[in-house]
Amino acid sequence: MTLLLAKTATETARELAAGHAGGRGLRLMNYHSTPRKREAEFARQIAAYAPAHTPFRKADLDRWSAAAPVVRPWLMPVLFEGFRDNVDVLLPLLEDAGFTAWFILPSHFPNVPAAEQRGYARAHTLHYHVDEYPGERIVMTWAEARAAAARGHVFACHSRNHAAVTPDTPESVLQEEIVTAKHEMENGLGQEVDIFCWLHGAEVGINPRADDLLREAGYRYLFSNFRLQRLQ
Amino acid sequence: MTATPLLPDDLSAEMDRLGNRPYAEIGVPMYLVLEDLTGTMPQPLRQAGDPELAAAFTKAAEQVAAAKGTLEAGDIARIIEVLADRSFLSRPFSDLSDESLATK
């Protein structure tokens with residue numbers, strides 16, 4: 001895995017430290033697959049962190065610098081890839097604790113036929129090691145996604161096919177992974193999607209054409225490894 | 001809130017330990033930084049800053065750079081993992097994980 005930065009690591013570290021000192025830090029809980037066998041562990045962890053944190057909601061993205069001071073730090077549970085066990089296992093626990101879940105999923109993954117989803121996952125760096133649904137789908141359905149979105153949970157586009165970007169990514173790939181992905185995800189979800197995230201979490205500045213295309217397509221935020229950047 | 005020192009005695013060992021967890025099936029605490037690239041959001045920031053975390057981050061980056069002769073993006077990710085593990089709760093977050101459940 002190659003993490004790409006727009007600046008040197010030393011400069012990046014300096015900027016991140018300044019961000020934390022200036023009150024722009026945001027706490028995350030990153031999840032991928034969330035198997036039932038770990039349900040008790042997830043519940044124990046959520047019970048521990050919930051009382052100490054303020055749920056970070058979509059509306060907070062647009063007003064974080066003007067919002068009323070938060071006494072307890074914000075926390076954003078981020079659920080990558082769109083696996084079915086996110087909906088079946090983790091989401092109910094997060095909802096019971098009052099958290100907004102932030103789903104980041106490749107737009108094409110829910111459209112892959114159930115029988116092909118495991119192969120698609122293997123071919124697209126979607127790590128799925130605990131198969132608790134033998135013979136069944138492993139990805140959340142769009143109906144499940146729409147229902148979660150209707151309850152206030154947030155969906156971000158993780159490209160179309162779980163793609164990474166480099167300085168040399170060709171235009172045709174950028175179009176599919178940025179523009180086609182947005183249309184595909186909005187068709188499935190039934191609402192606008194304005195947050196984007198690359199595989200390996202590239203930030204603004206890695207590929208200027210990709211940055212321009214994100215803005216042209218209508219994305220307003222780029223979620224990366226170390227930053228959540230407001231684009232427009 | 002934090003009862004655990006933000007930086008462990010052996011930072012490198014802790015970075016390696018946390019870096020070997022089964023990321024695909026567990027919850028991992030992390031930090032990121034909000035950035036407004038439009039320059040249109042009102043100031044000043046209203047969430048309290050965390051100078052202790054910022055100082056620990058800077059110190060850890062300097063330690064790693066001194067030990068390795070360079071600092072890489074992956075090092076930053078590992079440093080953040082260590083800091084998050086030791087700052088979200090009054091004890092290390094990873095103490096709440098059940099390592100016996102890890103898929104081999």
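The values are calculated or read from the model by the stated rules, or taken from the named source; none is laboratory data. Predicted model only: the values in this text are computed from it and were never measured. Methodologically, a virtual Cβ is constructed for each residue, glycine included, from the backbone with ideal geometry; neighbour enumeration extends over all protein chains shown. The protein model used for the area step is the full one, side chains on, heavy atoms only, and it has no ligands, DNA or RNA in it. Shrake-Rupley method; radii C 1.70, N 1.55, O 1.52, S 1.80 Å.
Numbers below:
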item: Answer residue from the stretch A:90-116, given it is more than 19 Å from the chain's Cα centre (by Cα) and assigned to a helix (DSSP H, G or I) and is surrounded by the most Cβ atoms within 10 Å (Cβ to Cβ) among those; result: A:114
item: Filtered residues of the stretch A:32-59 (kept if facing chain B (nearest Cβ under 7 Å), closer than 15 Å to residue B:96 by Cα, of a type outside the set (D, E, K, R) and surrounded by 19 or more Cβ atoms within 10 Å (Cβ to Cβ)); result: A:42, A:45, A:49
item: Candidate set: the stretch B:43-75, residues that are open to solvent by 70 Å² or more (accessible area, probe 1.4 Å) and under 30 Å from residue A:60 (Cα atoms); chosen: the one modelled with the highest pLDDT; result: B:52
item: Residue list for the stretch A:200-232, filter: of a type in the set (D, E, K, R) and closer than 19 Å to residue A:15 by Cβ; result: A:203, A:211, A:227, A:230
item: Qualifying positions in the stretch B:53-70 - at the interface with chain A (Cβ under 9 Å from one of its Cβ atoms) and without any contact (Cβ under 8 Å) to a residue 12 or more places away in the chain; result: B:54, B:55, B:58, B:62, B:65, B:70
item: Residue A:162 in a loop (DSSP other than H, G, I, E, B) and either within 14 Å of chain B (Cβ to nearest Cβ) or within 21 Å of residue A:15 (Cβ to Cβ) (or both); result: yes
item: Any hit, the stretch A:188-205, residues being surrounded by fewer than 21 Cβ atoms within 10 Å (Cβ to Cβ), over 17 Å from the mean Cα position of the chain (by Cα) and free of Cβ contacts under 8 Å to residues at least 40 places away in the same chain; result: no
item: Those residues of the stretch B:76-88 which are within 7 Å of chain A (Cβ to nearest Cβ) and open to solvent by 10 Å² or more (accessible area, probe 1.4 Å), in sequence order; result: B:77
item: Given (1) surrounded by fewer than 20 Cβ atoms within 10 Å (Cβ to Cβ); (2) within 12 Å of the chain's Cα centre (by Cα); (3) of a type outside the set (A, V, I, L, M, F, W, C); (4) in a helix (DSSP H, G or I), number of the condition residue B:8 does not satisfy; result: (4)
item: Candidates A:87, A:78, A:71, filtered to the one that is closer than 15 Å to residue A:155 by Cα and not in a helix (DSSP H, G or I); result: A:78
